[in-house]
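Student: Take this structure, written in structure tokens, and hold onto it; I'll ask about it next.
The values are calculated or read from the model by the stated rules, or taken from the named source; none is laboratory data. Just so it is clear, the model here is predicted, and its values are computed rather than measured. Cβ coordinates were reconstructed from backbone atoms using ideal geometry, including for glycine residues, and neighbour counts include every protein chain displayed. Ligands, DNA and RNA are stripped out before the accessible areas are found, and what is left, the full protein with its side chains, is counted by its heavy atoms. Shrake-Rupley method; radii C 1.70, N 1.55, O 1.52, S 1.80 Å.
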Amino acid sequence: MKLHASPASPYVRKVRVVAVETGLADRLELVAGELSPVKPNATLNASNPLGKIPALVLDDGTALYDSRVICEYLDTLHAGSRMFPGSGAARWTALRRQALADGILDAAVSARYETALRPEALRWADWVEGQRGKFRRALDALETEAGNFDETLDIGTIAIGCALGYLDFRYPDDGWRGRCPELAKWFDGFAARPSMKSTAPS
């Protein structure tokens, strides 16, 4: 299987962490390419018409996207503990946490594009602050339940770990750790997992 990827993408990282945790990492061939929202990549577009990563091309040529779909697909290919609980409260908790973490990433990446890609004269400071407000509120919500994460390993905690890793990578001065000490404590332990260490952004 070929995974269109970028070493800095937190969405790609989520897929790669799931692959490591399920013993499937060796089955993924990473396909790197230069990516930008304003410069289409023809190779990627052939697999995903949205031009977004990650995109997974199966051995029969079928392409899957986005990270949520790819992660759930990978979870069907192994015999170990499921990253997507099958039913009940555990399933809805994991999916809700994934949605919240992906929302953090959506806001953080959007703000990053505004400050790193848009010409300086056209940047909208209120937009950036609005996106930061979104991920800060989400972090505050996660802080209230971080004490219940325990040793849980599922798509929810994986997505949260990747979101927090992205904030450390792109927003080191935001101060989320000071505002969310329980979440930071949990993340420090989670980030020590081999799957997280081997997929750290660069």
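Student: Return the residues of the stretch 118-156 that are closer than 25 Å to VAL20 by Cα, open to solvent by 60 Å² or more (accessible area, probe 1.4 Å) and in a helix (DSSP H, G or I); say none if nothing qualifies.
Tutor: Within the stretch 118-156, just ASN148 meets the criteria.
Student: Does GLY86 qualify as being outside any helix (DSSP H, G or I) and either among the small types (Gly, Ala, Ser) or open to solvent by 80 Å² or more (accessible area, probe 1.4 Å) (or both)? Can you show your working first?
Tutor: On the way: outside any helix (DSSP H, G or I): yes; either among the small types (Gly, Ala, Ser) or open to solvent by 80 Å² or more (accessible area, probe 1.4 Å) (or both): yes.
The answer is yes for GLY86.
Student: Return the residues of the stretch 150-197 that are aliphatic (A, V, I, L, M) and out of contact with any Asp or Glu (no Cβ under 8 Å at 6 or more places or on another chain); say none if nothing qualifies. Steps first, answer last, please.
Tutor: To start, the set of residues in the stretch 150-197 that are aliphatic (A, V, I, L, M) comprises 153, 155, 158-160, 163-164, 167, 183-184, 191-192, 196.
Result: ILE160, LEU164, ALA184, ALA191, ALA192, MET196.
Student: Within the stretch 9-40, take every residue that is open to solvent by 90 Å² or more (accessible area, probe 1.4 Å) and in a helix (DSSP H, G or I) and give me the one that is farthest from ALA192 (Cα to Cα).
Tutor: It comes out as ARG27.
Student: When only residues in the stretch 71-83 that are in contact (Cβ under 8 Å) with a residue 12 or more places away in the chain and among the hydroxyl-bearing types (Ser, Thr, Tyr) count, which is most open to solvent (accessible area, probe 1.4 Å)?
Tutor: Here is the first cut: in the stretch 71-83, the residues in contact (Cβ under 8 Å) with a residue 12 or more places away in the chain are 71-75, 77-78, 80-83.
Now restrict to residues that are among the hydroxyl-bearing types (Ser, Thr, Tyr): 73, 81.
Values: TYR73: 68, SER81: 94 Å².
By that ranking, first place goes to SER81.
Student: Can you spot a residue in the stretch 106-117 that is open to solvent by 20 Å² or more (accessible area, probe 1.4 Å) and assigned to a loop (DSSP other than H, G, I, E, B)?
Tutor: The answer is yes; a qualifying residue exists.
Student: A further question follows. Could you check, for the stretch 89-102, whether at least one of its residues is open to solvent by less than 50 Å² (accessible area, probe 1.4 Å), touching a His at 6+ places or on another chain (Cβ under 8 Å) and aliphatic (A, V, I, L, M)?
Tutor: Within the stretch 89-102, none of the residues are open to solvent by less than 50 Å² (accessible area, probe 1.4 Å), touching a His at 6+ places or on another chain (Cβ under 8 Å) and aliphatic (A, V, I, L, M).
Student: Right, next: Please work out if THR43 is in a helix (DSSP H, G or I), at pLDDT below 95 and either farther than 30 Å from GLU151 by Cβ or not hydrophobic (A, V, I, L, M, F, W, C) (or both).
Tutor: It is true that THR43 is in a helix (DSSP H, G or I), at pLDDT below 95 and either farther than 30 Å from GLU151 by Cβ or not hydrophobic (A, V, I, L, M, F, W, C) (or both).
Student: Now for a different question. List the residue pairs whose Cβ atoms are under 7 Å apart, where the first residue sits in the stretch 21-37 and is within 19 Å of ASP75 (Cβ to Cβ), the second is surrounded by fewer than 12 Cβ atoms within 10 Å (Cβ to Cβ), and the two are 6 or more positions apart or on different chains.
Tutor: Between residues of the stretch 21-37 that are within 19 Å of ASP75 (Cβ to Cβ) and residues that are surrounded by fewer than 12 Cβ atoms within 10 Å (Cβ to Cβ), the close pairs are THR22/GLY80; GLY23/GLY80.
Student: Please enumerate the residues belonging to the stretch 157-202 that are part of a helix (DSSP H, G or I) and open to solvent by 60 Å² or more (accessible area, probe 1.4 Å).
Tutor: Taking the stretch 157-202 first, the residues part of a helix (DSSP H, G or I) are 157-170, 176-179, 181-190, 194-197.
Selection gives PHE169, ARG170, ARG177, GLY178, ARG179, PRO181, GLU182, LYS185, ASP188, PRO194, LYS197.
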